[in-house]
Each structure stands twice: as C-alpha cells, then as structure tokens.
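Chemist: Handing you this structure, nothing more for now.
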Amino acid sequence: MEGATPARLYATVVGAVLVVAGILGFFYSASFGSPGEVDDVLGILSVNAWHNVVHILTGAIGLLVAGYAARQYALWLGVIYVAIAIWGFAIGSGESILGFIPINTEDNFLHAILGVLGIAAAMATPRGEVRQPTPAT
C-alpha cells in the first residue's frame, strides 16, 4: 500500500472490522429498544441494533476517510472510544450507555484497546501529510 501510515492502517483495518462486526451483530440482535433485546456476539460482546448501527457508521467513516483524513479519524475515534470505555467501566457491566446502547466488561476492554490504538496510530503518523493527486497520463 503506497503511502501507508499507522493512521491509514488503523482507519482501514478498524473501519472494516467495525462494519463487519456491526453486520454480524444484526444476526444476534436487531432490536431497536431501550436497550431492547440484547444478545452477546460470539457469547462475548453485548449488542442490540443501535450498537450495531454505531459500529457500521463509525467503521464506514473510517473506510471513507482512510485516504485523506486517517490521522484525524484515528485520533477522534480513539478519544471517543477511550471516553466510552471509561463511561462503561463507571456504569458497570450489563448497563447501557445513553440508556439504549448495551455494554459489558468485554465491550469496555475492547473500546479501551481500540481507543488507545487509535490515539497511538494518530500520534505515530506525521501531521499535515497531504497526498497530491497523481496527474493523468
């Protein structure tokens, strides 16, 4: 991959994984309740339809911006996921963020890991790296 950076790798890989995880999650729970019917993906991560939608949207954004704003994506998603992890640990396993997005301890650890990796990827990527379009030949 030409011009690969840690942030671009993060945006591409994490983006793809989040989209796939969100789609897979609908096979476990498609309930849009508060939190509605909650099920554990692979017996580990608590999801409902809202949780799945959040994963699909945040993953799709990563895939869309991987070529031109990967550093910003990695940094902001990292900060948001660390905050969500802290919030999740504070309210406890089996509860819901904002009253409708279910979380458990495993979710909190996953969010913390993705958050720290995002921040690290952003910090490891030089600022202001701009890709110039290649002239048509």
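The values are calculated or read from the model by the stated rules, or taken from the named source; none is laboratory data. Remember, predicted model here, so these are calculated numbers, not experimental data. Quick reminder, even Gly has a Cβ in these numbers, built from the backbone with ideal geometry, and neighbours come from all protein chains shown.
Chemist: If you check every pair at least six apart or on different chains, which have Cβ atoms under 7 Å apart with a residue in the stretch 40-55 that is within 11 Å of Asn104 (Cβ to Cβ) first and a residue that is of a type in the set (Asp, Glu) and not in a helix (DSSP H, G or I) second?
Modeler: Listed by first residue and then by second, the contacts come to Ser46/Asp40; Val47/Asp39.
Chemist: So which of Trp76, Trp87 ends up being modelled with pLDDT of 90 or more, surrounded by fewer than 18 Cβ atoms within 10 Å (Cβ to Cβ), farther than 30 Å from Pro126 by Cβ and of a type in the set (Phe, Trp, Tyr)?
Modeler: Only one candidate qualifies: Trp87.
Chemist: Additional query: Among the residues of the stretch 1-27, write down those that are surrounded by 21 or more Cβ atoms within 10 Å (Cβ to Cβ) and out of contact with any Lys or Arg (no Cβ under 8 Å at 6 or more places or on another chain).
Modeler: Arg8, Tyr10, Ala11, Val14, Gly15, Leu18, Gly22, Gly25
Chemist: On to the next question. Just to be sure, is Gly99 among the small types (Gly, Ala, Ser), exposed (fewer than 14 other Cβ atoms within 10 Å of the Cβ) and more than 14 Å from Ala21 (Cβ to Cβ)?
Modeler: Spelling it out, Gly99 is indeed among the small types (Gly, Ala, Ser), exposed (fewer than 14 other Cβ atoms within 10 Å of the Cβ) and more than 14 Å from Ala21 (Cβ to Cβ).
Chemist: Somewhere in the stretch 114-129, is a residue among the charged types (D, E, K, R), modelled with pLDDT of 95 or more and more than 17 Å from Ile44 (Cβ to Cβ)?
Modeler: From the stretch 114-129, those among the charged types (D, E, K, R) are 127, 129; that's our starting set.
Still in the list and also modelled with pLDDT of 95 or more: none.
No: zero hits.
Chemist: Would you list the helices (runs of 4 or more DSSP H) that sit entirely within the stretch 27-137 and hold 3 or more residues that are touching a helix residue (DSSP H, G or I) at 6+ places or on another chain (Cβ under 6 Å), among the small types (Gly, Ala, Ser) and under 13 Å from Tyr10 (Cβ atoms)?
Modeler: In the stretch 27-137, the matching helices (runs of 4 or more DSSP H) lie at 70-91, 105-123.
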